[in-house]
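Q: Take a look at the following structure, please.
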Amino acid sequence: MHFDLTDLKVFVCIAEAPSLTQGAKTAFVSPAAASTRLKNLEAQLSSRLFYRHNKGLELTPAGKNLLRHARLMLQYAEQIRTDFSGYAADTQGHIRIYANTTAVIGFLPEILALFLAERPAVSIDLQEQFTKDIIRSVREDAADFGIVSGQIDAPDLQRIHFSTDRLCVAVPQGHELAEHTAVDFQAALAYPHIGFHRGSTLQQYVDEHKQRLGVSTKNRINVSGFESVCRLIEAGVGIGIVPESVIERHRHTMAIVAVPLDDPSAVRERSIILKELDALTPVSRALIERISLHMQAPPPISFQAAFK
């Protein structure tokens, strides 16, 4: 059985897109050519890969199975091209990263800006996801690596710890909680809160604690970035639960105070998770090293050895 890599690439692009037209555009082929390639794949596999309906395409069980294999085959093909390309491998390539909210709108923008400025030929696909989706995507090779915080149940994945942060209650200067040495969730939730939009991993963390404590209050306002949260807190609109590193970044320009959150889960170990470091492309390994160094946490000895 012979597989054309272009057929597989087109199939993956369509599977990850909302429609055949959009998937064909991503794969740089016409919709007609994409449709022909899909039909050829279905004929070769004697399996229907998509259910076709008026809202678009939906993967069949066979299609989901092929998607898993196709991603692996394309990843291996890309690695072969990289290994035999003859150019500085860590200066070209594409990286897909799934990360939590703190990483996406916290420290990653600065790191990626510097990294990409040094490597004009590198492209990065960064997506904000829930922790469970990050773990699943790394397992299924849908992402090169993921960035998570806190404890995770994924013994089958490699984990590289690169920094430690702590969740705090951010309050405006003069707030009655500002003089407290610590505050627990129950006390913090008694005040109006500035939160994050649905889909934020940090908001999910807070909502889970609300559910555990039987608290049903809604956020006074939801925003999408840490700076917006801090500015609203400074203005006295409410308080919020944010990483200590975020408050430290803004406390010199905003009248806000960090009050430690008295909860065991408030200490957040930030880690990179991946299937196998040696299997990643050189540019992916270079970015992982950059993240570790930027966050001032030296990579583990085993990790450093991979770059020698």
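Q: Is it fair to say GLY93 is farther than 29 Å from LEU112 by Cβ, in contact (Cβ under 8 Å) with a residue 24 or more places away in the chain, in contact with a strand residue (DSSP E or B) (Cβ under 9 Å, 6 or more places away or on another chain) and surrounded by 14 or more Cβ atoms within 10 Å (Cβ to Cβ)?
A: Working: farther than 29 Å from LEU112 by Cβ: no; in contact (Cβ under 8 Å) with a residue 24 or more places away in the chain: yes; in contact with a strand residue (DSSP E or B) (Cβ under 9 Å, 6 or more places away or on another chain): yes; surrounded by 14 or more Cβ atoms within 10 Å (Cβ to Cβ): yes.
Considered against the rule, which asks whether it is farther than 29 Å from LEU112 by Cβ, in contact (Cβ under 8 Å) with a residue 24 or more places away in the chain, in contact with a strand residue (DSSP E or B) (Cβ under 9 Å, 6 or more places away or on another chain) and surrounded by 14 or more Cβ atoms within 10 Å (Cβ to Cβ), GLY93 comes out as no.
Q: Residues in region 12-35: is at least one at pLDDT 90 or above, under 23 Å from VAL283 (Cα atoms), in contact with a Leu (Cβ under 9 Å, 6 or more places away or on another chain) and not assigned by TED's automatic domain parsing to the domain that holds GLU276?
A: yes
Q: Something else: Every residue in region 175-192 that is over 31 Å from the mean Cα position of the chain (by Cα) and either touching a residue at least 60 places away in the same chain (Cβ under 8 Å) or crowded, with 19+ Cβ neighbours inside 10 Å (or both), please.
A: Residues satisfying the conditions are HIS175, LEU177, ALA178, HIS180, THR181.
Q: Within region 91-105, which residues are part of a helix (DSSP H, G or I), of a type outside the set (Ser, Thr, Tyr) and either farther than 15 Å from ILE272 by Cα or in contact with a Ser or Thr (Cβ under 7 Å, 6 or more places away or on another chain) (or both)?
A: Let us first name the residues in region 91-105 that are part of a helix (DSSP H, G or I), namely 91, 101-105.
Those still in the list that are of a type outside the set (Ser, Thr, Tyr) too: 103-105.
Of everything in region 91-105, just one residue is part of a helix (DSSP H, G or I), of a type outside the set (Ser, Thr, Tyr) and either farther than 15 Å from ILE272 by Cα or in contact with a Ser or Thr (Cβ under 7 Å, 6 or more places away or on another chain) (or both), namely ILE105.
Q: Same structure, new question: With respect to THR82, is the statement that it is part of a helix (DSSP H, G or I), touching a residue at least 60 places away in the same chain (Cβ under 8 Å) and touching a Pro at 6+ places or on another chain (Cβ under 6 Å) true? Break it down stepwise before answering.
A: On the way: part of a helix (DSSP H, G or I): yes; touching a residue at least 60 places away in the same chain (Cβ under 8 Å): yes; touching a Pro at 6+ places or on another chain (Cβ under 6 Å): no.
Taking the combined requirement at face value, the residue does not satisfy it.
Q: Where residues in region 39-72 are in contact with an Asp or Glu (Cβ under 8 Å, 6 or more places away or on another chain) and surrounded by 15 or more Cβ atoms within 10 Å (Cβ to Cβ), which of them is nearest to ALA279 (Cα to Cα)?
A: ARG71
Q: Here is a follow-up. Those residues that are part of a strand (DSSP E or B), closer than 24 Å to LEU66 by Cα and not hydrophobic (A, V, I, L, M, F, W, C), I need them from region 125-163; list them, please.
A: Hits for region 125-163 are ASP125, GLN127, GLY146.
Q: Filter region 29-38 for residues that are surrounded by 12 or more Cβ atoms within 10 Å (Cβ to Cβ) and of a type in the set (A, V, I, L, M, F, W, C); which is farthest from the chain's Cα centre (by Cα)? Quick ask: steps written out before the conclusion?
A: Start the filter on region 29-38 by keeping residues that are surrounded by 12 or more Cβ atoms within 10 Å (Cβ to Cβ), which leaves 29-31, 33-38.
Next cut, of a type in the set (A, V, I, L, M, F, W, C) only: 29, 33-34, 38.
Details: VAL29: 29, ALA33: 33, ALA34: 29, LEU38: 30 Å.
Per the criteria, the residue is ALA33.
The values are calculated or read from the model by the stated rules, or taken from the named source; none is laboratory data. Keep in mind that this is a model prediction, so the values were computed, not measured. In this analysis, Cβ positions are derived from the backbone assuming ideal geometry, glycine residues included, and neighbour counts consider all displayed protein chains.
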